[in-house]
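Engineer: Have a look at the structure that comes next, please.
The values are calculated or read from the model by the stated rules, or taken from the named source; none is laboratory data. Keep in mind that this is a model prediction, so the values were computed, not measured. Cβ atoms come from the backbone with ideal geometry, glycine included; neighbour counts cover every protein chain shown. Calculation scope for accessible area: heavy atoms of the full protein, side chains included, ligands and nucleic acids excluded. Shrake-Rupley method; radii C 1.70, N 1.55, O 1.52, S 1.80 Å.
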Amino acid sequence: MPTVILTTILTLSALYAPQPLLPVIMSEFDVSRSSAAFLTTVAFLPLSVAPLLYGYILESVSPRRMLRVGIFFLALSQLLFFWGPTFMSLVAVRFFQGLLIPAILTALMTYVSLASNKGTVQRAMAIYIAATILGGFLGRAFSGWVATAFGWRYSFLVLAASLLAAYFLLARLKADTRIQLSRPHPRLLLQVLGQPGFLRVYLAVFGFFLVFAAIMNFIPFRLTEISDQASEFRIGLMYSGYLMGLVSSLGAVRVSLWLKGEMAALRLGLTLFALALAGMLAPSVPLLFGVMFVFCGGMFLAHATASGLLNRCAGENKGVVNGLYVSFYYAGGALGSYGPGPIYRVWGWEGMIAILALVALLTLFAALGRGPRGTLPSGAT
């Protein structure tokens, strides 16, 4: 499990490391704010589609094998980003990373799920989600610090070395003896989506990460608007709210027990998330810093609860279940990381927050809604 946690942390660090550096990259390559933000979007685009293929493949290929191949090429891509001479070369590398990262994340989720029994899978998934949160925070904070101290490119050199170390450690990972490899049926995706309540949870996942990705991607530009002291390191520290997400994800199982159901915990997380979004209107760096803790806490409570719930209810075909989860998650991220850019440019930060608030309310409605396919197995509602 320690190797799985380390690999998860490094993978998410690689995904989010460029985010606090977007203003300096915009300046160095003389590109627009929306173009700089596209460095995040271009990685999310394949993340929203590729997991469907990788989840399908994981029904017939060992997760450990997919992990090692993905991590090796992700390490190589960090070197390419470090050397990237033009902005378009950085975009190309980020697209390549976007093809690799869903293979790694889907394999990680599937390995964790298969290595756990039905009674412990939700706790195991909560630990996995906590590792993704820590990786998201450390990737941003570390890249911001390195950029301020040595220059923005050196963050990616350190990531390359760390990922290469993880590649060798993964060789020691034990193959799960309970995995049953088989030839997947072409209609498997529709079968999973047709299970009671699954589509409703997937839609909620799409919505909350759309809003979350928008805030995470555009808040560096907001900070440079309201403060003339917003260095790369200080922007990286703004993501400290992720640490509250660490607490809420690890406590997700306990919250579900307290509320007598995972869906109730999911709704609580989304409600906190929506309320904190209003606090993003504050024109103060200290207030935004505080609001980020509530915002991230609510989001990751919903995230950890939803992933654990689906894996508990899935029973089988977990590669596809987790592939769909990652796809819906990052499809929302792809839209949220770029789509609000024109709204921000035309209507400002306040206009963007208003549109995101509407999306957050629709997401909460999806989690609250009921219908013929809206009831999950006992203990979930």
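Engineer: Please enumerate the residues belonging to the range 2-36 that are within 18 Å of G139 (Cβ to Cβ) and of a type in the set (V, I, T). Quick ask: steps written out before the conclusion?
Structural biologist: Narrowing the range 2-36 to residues within 18 Å of G139 (Cβ to Cβ): 4-25, 36.
Residues satisfying the conditions are V4, I5, T7, T8, I9, T11, V24, I25.
Engineer: Now for a separate question. Among the residues of the range 293-335, count how many are farther than 20 Å from A265 by Cα, in a helix (DSSP H, G or I) and of a type in the set (G, A, S).
Structural biologist: 7
Engineer: Run A276 past the list (1) closer than 17 Å to H303 by Cβ; (2) in contact (Cβ under 8 Å) with a residue 24 or more places away in the chain and report the number of the one that doesn't hold.
Structural biologist: (2)
Engineer: Looking at (1) surrounded by 24 or more Cβ atoms within 10 Å (Cβ to Cβ); (2) more than 16 Å from V24 (Cβ to Cβ), find the lone condition where A124 falls short.
Structural biologist: Result: A124 fails condition (1) only.
Engineer: Let me ask you something else. Which one is farthest from I5 (Cα to Cα) among residues in the range 250-267 that are open to solvent by 60 Å² or more (accessible area, probe 1.4 Å) and of a type outside the set (F, W, Y)? Lay out the reasoning, then the answer.
Structural biologist: Residues of the range 250-267 that are open to solvent by 60 Å² or more (accessible area, probe 1.4 Å), as a first pass: 250, 254, 257-258, 260.
Retained after the next criterion (residues that are of a type outside the set (F, W, Y)): 250, 254, 257, 260.
Working: L250: 14, R254: 21, L257: 25, K260: 29 Å.
Once the filter is applied, the top-ranked residue is K260.
Engineer: Scan (1) hydrophobic (A, V, I, L, M, F, W, C); (2) touching a residue at least 60 places away in the same chain (Cβ under 8 Å); (3) surrounded by 20 or more Cβ atoms within 10 Å (Cβ to Cβ) for the single condition L237 breaks and write down its number.
Structural biologist: Answer for L237: the failing condition is (3).
Engineer: When R187 is evaluated against the numbered criteria (1) of a type outside the set (F, W, Y); (2) farther than 17 Å from A36 by Cα; (3) buried (at least 17 other Cβ atoms within 10 Å of the Cβ), which criterion, by number, is the only one it fails?
Structural biologist: Checking R187 against (1) of a type outside the set (F, W, Y); (2) farther than 17 Å from A36 by Cα; (3) buried (at least 17 other Cβ atoms within 10 Å of the Cβ), the one that fails is (3).
Engineer: Checking L108 against (1) surrounded by fewer than 17 Cβ atoms within 10 Å (Cβ to Cβ); (2) under 23 Å from L246 (Cα atoms); (3) in contact (Cβ under 8 Å) with a residue 12 or more places away in the chain, only one condition comes out false. Which one?
Structural biologist: (1)
Engineer: Another one. Looking at F95, F82, which is the one that is of a type outside the set (S, T, N, Q), touching a residue at least 40 places away in the same chain (Cβ under 8 Å), in contact with a Lys or Arg (Cβ under 7 Å, 6 or more places away or on another chain) and within 30 Å of V31 (Cα to Cα)?
Structural biologist: On the way: F95 fails: in contact with a Lys or Arg (Cβ under 7 Å, 6 or more places away or on another chain).
Testing whether each residue is of a type outside the set (S, T, N, Q), touching a residue at least 40 places away in the same chain (Cβ under 8 Å), in contact with a Lys or Arg (Cβ under 7 Å, 6 or more places away or on another chain) and within 30 Å of V31 (Cα to Cα) leaves just F82.
Engineer: Collect the residues in the range 227-255 that are among the charged types (D, E, K, R) and in a helix (DSSP H, G or I), keeping them in residue-number order.
Structural biologist: Let us first name the residues in the range 227-255 that are among the charged types (D, E, K, R), namely 228, 232, 234, 254.
Within the range 227-255, E232, R234, R254 meet the criteria.
Engineer: List the helices (runs of 4 or more DSSP H) that sit entirely inside the range 2-95 and contain at least 2 residues that are modelled with pLDDT of 90 or more.
Structural biologist: Values: elements: 2-16, 22-29, 33-47, 50-57, 63-83.
Answer list for the range 2-95: 2-16, 22-29, 33-47, 63-83.
Engineer: Kindly indicate which of A161, A214, A166 is at pLDDT 90 or above, small (G, A, S), open to solvent by 60 Å² or more (accessible area, probe 1.4 Å) and within 30 Å of P18 (Cβ to Cβ). First the steps, then the outcome.
Structural biologist: Details: A214 fails: open to solvent by 60 Å² or more (accessible area, probe 1.4 Å); A166 fails: open to solvent by 60 Å² or more (accessible area, probe 1.4 Å).
Exactly one of A161, A214, A166 is at pLDDT 90 or above, small (G, A, S), open to solvent by 60 Å² or more (accessible area, probe 1.4 Å) and within 30 Å of P18 (Cβ to Cβ), namely A161.
Engineer: Now for a different question. Would you pick out the residues in the range 63-88 that are open to solvent by 30 Å² or more (accessible area, probe 1.4 Å) and in contact with a helix residue (DSSP H, G or I) (Cβ under 8 Å, 6 or more places away or on another chain)? Spell out the reasoning first.
Structural biologist: Going through the range 63-88, the residues open to solvent by 30 Å² or more (accessible area, probe 1.4 Å) turn out to be 64-65, 68-69, 72-73, 76, 79-80, 82-83, 85-86, 88.
Within the range 63-88, R64, R68, V69, F72, F73, L76, L79, L80, F82, T86 qualify.
Engineer: Provide a single number: the residues in the range 123-173 that are touching a residue at least 60 places away in the same chain (Cβ under 8 Å) and outside any helix (DSSP H, G or I).
Structural biologist: Qualifying residue count for the region: 3.
Engineer: Pairs only if they're at least six apart or on different chains, beta carbon under 6 angstrom, first in the range 291-310 and within 13 Å of S256 (Cα to Cα), second in a helix (DSSP H, G or I) and of a type in the set (V, I, T); list them, first residue then second.
Structural biologist: From the range 291-310, the pairs are H303/I129; A304/I129; A306/V201; A306/V205.
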